[in-house]
Every structure is written in C-alpha cells, then in structure tokens.
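Below you'll find the structure, written out as structure tokens, and then a few comments.
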Amino acid sequence: MDEKAKVSSRFDRRTVFKSGAAAAVVGAAGASLWRSGGVARADDDDIAKIAEARGLTPEDVRAALKTYVPSGTYDETLIFASGGHSGQVLVIGVPSMRLLKQIAVFTPEPWQGYGFSDETRAVLEASAFDDKPLTWGDTHHPALSETNGEYDGQFLFINDKAHARMAVIDLRDFETKQIVKNPHILSNHGGAFATPNTDYIIDGSQYATPFGWEYAPLSEYKEKYRGAMTLWKFDRETGRIDPALSFSIELPPYWQDLADAGKGPSDGWMFSNSFNTEMATGGILEGHPPVEAGASMHDMDYLSVINWRKAAEVAAAGKTEDIKGMPMIRMATAVEEGILFQVPEPKSPHGVDVTPTGEYIVVAGKLDPHVTVYSFQKIQDAIAAGNFEQDEFGVPILPFDACVETQVELGLGPLHTQFDDQGFAYTSLFLDSAIARWKVGGEGIDGGWEMVEKLPVHYNVGHLCVVGGDTMAPQGKHLIALNKWSIDRFTPVGPLFPQNLQLIDISSPDTLQLLFDMPLGVGEPHYAQAIPTSKLAPWTVYPEVGWDPATQALSPDAPQPGKEGVVRDGNKVAVNMTSIRSHFTPDWVNLQLGDEVTWRITNIERADDATHAFALPGQNVNLSIEPGETITVSFTADRPGVYPFYCTEFCSALHLEMMGYMLVSP
Ligand code: K7E
Ligand code: CUA
C-alpha cells in the first residue's frame with residue numbers, strides 16, 4: 001500500500017465523535033475532572049458537539065487532553081533538538097510541542113544578536129577553518145552534561161558534522177559560549193556524547209581524511225587516511241572545553257559512526273560503530289561502484305571498543321604525537337596499551353546505545369533487521385583471555401560469538417535506541433517508518449530480549465528521544481520520534497517540506513499512543529535529549545547590571561548609569577551607552593570618517609523580559625541586550641552619513657522613539 005492509501009484507510013476507519021454516543025468518551029476522558037470542578041453535565045454535551053463538528057475521534061480527544069497545556073501554564077519537560085544544517089539547537093516544550101527557542105550555535109542569528117557583537121563573533125571566529133570563518137554547521141547530536149550518569153541541567157554540547165567542531169552552551173542563559181575546531185579531523189559524527197561525569201565530550205570522526213586537514217591522493221587511502229576518536233576535556237569551573245588537556249586516538253580508515261559512553265560497570269569505556277570497512281571511496285566515472293554500494297559489501301563491520309580512562313592516562317604520560325597542536329595516541333600505542341579493540345557487527349551499523357545499567361551495548365544496523373546486543377562483561381572476558389585476531393591495521397578483533405549476548409529481530413532499517421524506566425527499549429525503524437518497543441533482558445528478567453509492539457510513525461524515523469533515555473535514570477512518559485519525511489502530514493508550503501516530530505505516549509506498558517505531530521520548519525532534527533524542567537535553573541535576568549555573558553561575570557568595562565558618554569582619543573572612540581525604556585544614553589554619537597569605534601551598551605533594566613535590541617544601519621549590526629547584559633561592537637566609521645540607530649525589540653509603548661543618531665562627518 002502506498003503512503004497516500006494508508007492515510008485514506010486510516011480516515012475510513014475513523015469513528016467520528018457523535019454527541020449522542022459521545023458522553024462515554026468525554027466521560028471517560030474528563031468528566032470526573034469537570035465534575036470535581038462542579039461543572040454541569042450539559043457542558044459534556046457541548047464539548048461532544050465541538051468534537052463532532054470538528055470530526056474528532058475519541059482517540060483524537062484523548063490525545064488532545066494529554067497534550068494541551070493551558071495558557072499561562074508550563075511544560076513539564078524540555079527537549080533540546082539539533083537543528084541539522086540550520087546549525088542551531090531547538091528548544092521545545094513537552095507535551096505541548098511548542099517551540100520555545102532556537103539557540104544560535106554555528107550560524108549567525110540576528111534576533112539573538114549572535115555573530116554580530118564582538119563577543120559572539122569571537123566565539124564563531126575561534127572555530128574558523130584556518131582563517132576562513134564558517135557561518136553554518138550541521139548539528140547532529142546534542143548532549144546534556146551529566147553527573148553520576150544523569151543529566152544535571154548545566155551545559156549542553158553539540159557537534160558540527162560538516163567541519164568537525166564542538167560547541168558548548170551554558171544552560172544558565174541558553175547561549176553558546178565556545179566552539180572548538182578539531183585540529184585532527186575534518187568531519188565528525190560520533191559526538192557529542194558526555195561521559196557519566198562530563199569529564200570528556202566524545203567526538204568521533206565520520207569520513208576518513210589525512211590528519212591535520214592535509215592532502216593525500218585517494219590512491220593512498222589505506223596509508224594516509226585515518227579515523228579518530230577525540231576526547232575533549234571539559235572544565236566545569238570555567239564552563240569550557242580545555243583543548244590543552246584534550247587528545248585523540250588514531251583509528252583505522254573505516255568510517256566511524258555513532259558513539260556512546262559506558263556507564264556503571266562499563267564506565268571508563270566508550271563504544272563507536274564503524275562502517276565502510278571495505279574502505280570504498282567512490283569513483284563512479286572511473287568505473288568504481290558508488291560509495292553506497294562499495295561501502296555495503298561486507299557482512300560485518302566493526303564496533304570499536306575503547307578504554308578512554310586508560311587513554312587519558314597514556315595521553316597524560318605523553319605517549320602521544322603532536323598533530324596540529326593537539327596530542328594524538330597513535331594506533332600502535334593504543335593497541336600496545338590495551339586501549340583499542342574491535343568486535344564485528346552486522347552490516348552497516350548506525351546507532352550504538354548503552355543500556356541504563358551499563359551492562360549491554362545495543363547496536364542497530366541499517367541493513368540488518370536485528371539489533372545486536374553485546375555484553376560488556378563478555379567483551380572484557382574476551383580481552384582478558386587474549387581471545388582475538390588482528391585486522392590489517394593491527395587492531396585486535398574480538399570474536400563476535402564470544403561478545404554477543406543476543407540479537408532481537410525488529411524490522412527494517414533499525415537506527416537508534418532509547419530506554420525507559422519500565423525495562424523497555426525503543427528502536428527506530430527507518431525503512432518500516434515505525435518504532436519498535438522491545439523488552440531489555442538480562443539476569444533475573446523474565447521474557448527479556450523480545451519485541452513487544454510496533455507503532456507506525458510518519459515517516460522515515462531517525463532518532464528517538466525519551467526523558468533521560470540515554471542515561472542511568474530514564475523516565476517513561478513520552479517518546480519523541482524525529483522523522484525525516486512528513487509527506488502528507490501538513491498543509492503544503494512548497495517543495496521543501498517541514499520535518500515532523502511526533503509525540504508518543506509510552507506510559508502504558510500495554511500500548512503506545514501517538515499524540516501529536518509537530519511540524520518543524522527550521523532544520524533537520526537528528527537527535528534530541530529531553531530533561532525535566534525541574535532540573536533546569538535558567539536565569540530570567542542577568543545577575544548584575546553590566547554582566548558579560550562571554551565570561552559570566554561583571555564586566556569592568558560595562559557602561560554604568562551616570563557614566564555614559566563618547567570618549568575620543570585620537571581616532572579611537574569609545575561609546576559608552578546604556579539602554580532603558582525607552583531611550584539610549586547618549587542618543588547623539590558624533591564620529592569622524594575613519595574613526596575606530598568601540599561601542600558598548602549595557603541594558604540597565606531589571607525586569608523580566610525587558611530586552612532591548614540595537615540595530616545600526618550601514619554596519620550590518622543587530623544586537624540583543626537582555627536585562628543586565630553588557631555587549632560590545634567594534635567597527636570603523638568608513639562612510640560619511642547620518643545613521644539612525646534604533647531598538648529592534650518592541651519593548652514599550654514608546655519603543656518607536658527608542659532611537660538615536662550616529663553622524664559620521666566627512
Ligand atoms: Cu542517525 Cu547523524 Cu545520529 Cu541523523 S544520525 S538520524
Ligand atoms: Cu527598547 Cu524597543
């Protein structure tokens with residue numbers, strides 16, 4: 001059946017709400033609530049009539065009751081979703097599925113003033129490719145910081161697959177603080193994944209290249225091209241990645257895919273899939289198979305099993321090579337020190353996910369209908385017994401049979417797995433456009449390693465997201481399916497379709513219920529992580545007037561009330577400005593052609609939501625200055641003229657009057 005036919009048959013089966021028969025459903029769903037509010041039964045009928053008029057089924061009404069968040073009340077959960085090649089992070093409330101914020105990360109964003117102030121431009125420029133500034137990224141995997149294997153609500157990390165960069169977002173103000181460019185690799189995918197106490201952020205390469213962004217012909221692929229696993233050291237005190245304490249581990253030129261950190265018994269280890277063990281590079285016009293075929297010939301690829309704690313010791317002991325200013329543990333050293341092993345895994349694996357107890361590692365292969373479950377203990381036993389051969393790069397290969405706990409057949413195109421607190425795992429089935437719920441097994445568990453239920457989703461699902469679904473303490477109320485295709489779900493808006501996030505109720509052990517479709521007209525949300533809002537404590541205004549979000553401290557240079565003015569020293573001009581409803585002080589800024597201007601603005605407001613913005617025509621500048629914040633923009637007055645600057649945030653009744661003149665005299 002094609003997709004269109006599926007949809008119409010769903011419609012045929014709809015039992016439209018009928019007011020006569022409706023009382024039963026309304027009664028079941030909500031009458032007790034209404035009764036407790038003392039509302040008469042007549043209202044039930046009225047609601048039934050609305051449902052009937054709108055053609056809603058009882059199932060629809062149930063879903064609506066479970067997702068509606070009344071005006072003025074808050075969502076219980078936030079999800080942080082990648083924005084794909086928009087380069088941003090999306091913050092969405094659950095269960096309402098309301099988009100609350102788009103956090104600018106790799107792409108300049110004028111509403112937030114990101115990439116326009118000196119401070120935020122510095123964040124982007126620090127991660128330039130050599131000296132070429134990058135103004136977009138391909139975000140895939142957000143990772144919340146963890147303490148003892150659970151989200152702590154302090155920081156968020158996200159990778160840029162296109163350029164192998166890693167970003168740090170501070171969840172006190174939901175702003176990007178740092179982006180680091182990986183000096184070894186040019187393309188990543190196995191990141192961001194946090195170790196259980198956020199000691200390191202894992203960043204695995206995707207497409208193999210020569211290290212250090214150097215040149216080597218494809219004919220030298222086996223000799224010169226390599227994969228790598230980078231461990232970025234995170235310093236919680238400074239809230240920054242410390243490149244000086246970070247390092248990489250050299251891997252064979254297979255393409256690394258998703259990764260995950262061990263936890264509990266497997267803490268100190270990490271796991272990364274690799275595909276293209278065929279080492280195909282394409283060459284269609286030269287008579288070679290396209291990459292998709294060349295890279296899918298082997299029945300088995302490899303799961304990389306890496307002792308990161310040991311690797312950190314080896315790096316600290318200096319058994320490394322410096323490549324572009326960052327240490328690299330060479331493959332031979334990694335093998336010799338017992339850091340690096342591989343285990344065969346079925347054809348073209350994609351997701352690798354460690355179970356909440358840390359005992360098992362679940363691998364999903366794009367071209368295999370099973371998930372393969374590895375036992376961490378069995379892997380350790382095989383290592384201890386020296387039970388391995390070596391691949392052509394000398395990396396130990398542990399026997400498949402010795403390491404596998406079981407395989408569970410789920411369906412076509414399994415990709416990614418999340419867990420809940422009822423002992424279930426959920427795996428996305430890309431080709432089936434479905435979610436498989438299956439039971440995690442293990443010692444003392446009855447009926448484990450079994451498929452339980454499948455739920456269709458719309459369509460071609462990638463990642464899944466459960467609250468804490470990759471941590472030691474997952475929760476079991478909602479699951480979000482992050483779907484690649486939306487096809488017939490929404491009103492057409494042109495040939496570029498929205499993405500479709502679907503909210504699913506997983507609270508019942510007996511059945512899954514699809515609750516809500518959320519079109520997302522921004523970018524492809526690969527992965528998302530969900531956290532209860534009770535674990536977050538964001539500021540609503542900056543702590544003090546004159547706060548610099550780049551340092552999260554009071555700025556000694558911040559213009560303060562009563563100290564405003566324009567100070568000239570030769571052709572260097574400092575503009576010290578404050579903003580408050582509804583004026584800038586000063587509002588006349590007289591410059592001369594060629595002046596080098598450092599313009600600082602402090603928003604001296606203390607009220608929630610009293611943000612002012614600052615648009616400066618002719619200099620391509622728009623800033624967002626939140627209450628208490630101080631911000632800087634520097635430029636050369638390179639063209640005479642009269643420039644009306646103004647506040648772009650509709651802040652008050654006299655917002656239109658919140659302006660001033662910058663005059664540049666010839
Ligand atoms: Cu499957 Cu980049 Cu995690 Cu997309 S990846 S789906
Ligand atoms: Cu300040 Cu508008």
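The values are calculated or read from the model by the stated rules, or taken from the named source; none is laboratory data. The structure displayed is predicted, hence computed values, not measured ones. Using ideal geometry, Cβ is built from the backbone for each residue, glycine included, and neighbour counts are taken over all protein chains shown. Note: areas computed on protein heavy atoms with side chains; ligands, DNA, RNA excluded. Shrake-Rupley method; radii C 1.70, N 1.55, O 1.52, S 1.80 Å.
Annotations
- Here the average projected area of the convex hull drawn through the C-alpha atoms of segment 547-665 stands at 7.0 nm².
- Gyration tensor verdict on segment 329-431 (Cα atoms; rounded if a/c is under 1.5, prolate if a/b is larger than b/c, oblate otherwise): prolate
- Each part gets one Cα centre, and for segment 166-201 versus segment 448-478 those centres are 25 Å apart.
- For segment 580-666, averaging the sequence separation of C-alpha pairs within contact (under 8 Å, six or more residues apart) and dividing by the residue count gives a relative contact order of 41 percent.
- Heavy-atom accessible surface of the chain, averaged per residue, reaches 41 Å², computed with a 1.4 Å probe.
- DSSP beta bridge pairing in segment 440-549, given as percent antiparallel to the nearest 5: 95
- Based on the Stokes-Einstein relation at 4 °C and a viscosity of 1.567 mPa s, and on the Kirkwood radius from alpha carbon pairs, segment 251-332 is assigned a translational diffusion coefficient of 87 µm²/s.
- Within the accessible area of segment 547-665 (1.4 Å probe), percent carbon and sulfur: 54
- Both radii are taken from the alpha-carbon atoms of the chain; with Rh as the Kirkwood radius, Rg/Rh is 1.01.
- Rounded if a/c under 1.5, otherwise prolate or oblate - segment 381-457, Cα gyration tensor axes: oblate
- Sorted largest first by accessible area at a 1.4 angstrom probe radius, with every protein chain in place, the residues LYS177, LYS454 fall in the order LYS454, LYS177.
- For the listed peptides 271-281, 55-65, a ranking on the average number of other beta carbons within 10 Å per residue, highest first, reads 271-281, 55-65.
- Packing order of peptides 308-321, 417-430, highest average first: 417-430, 308-321 (average count of other Cβ atoms within 10 Å over each peptide's residues).
- Averaging the Cα positions of each part gives two centres, and for segment 52-119 and segment 297-356 these lie 37 Å apart.
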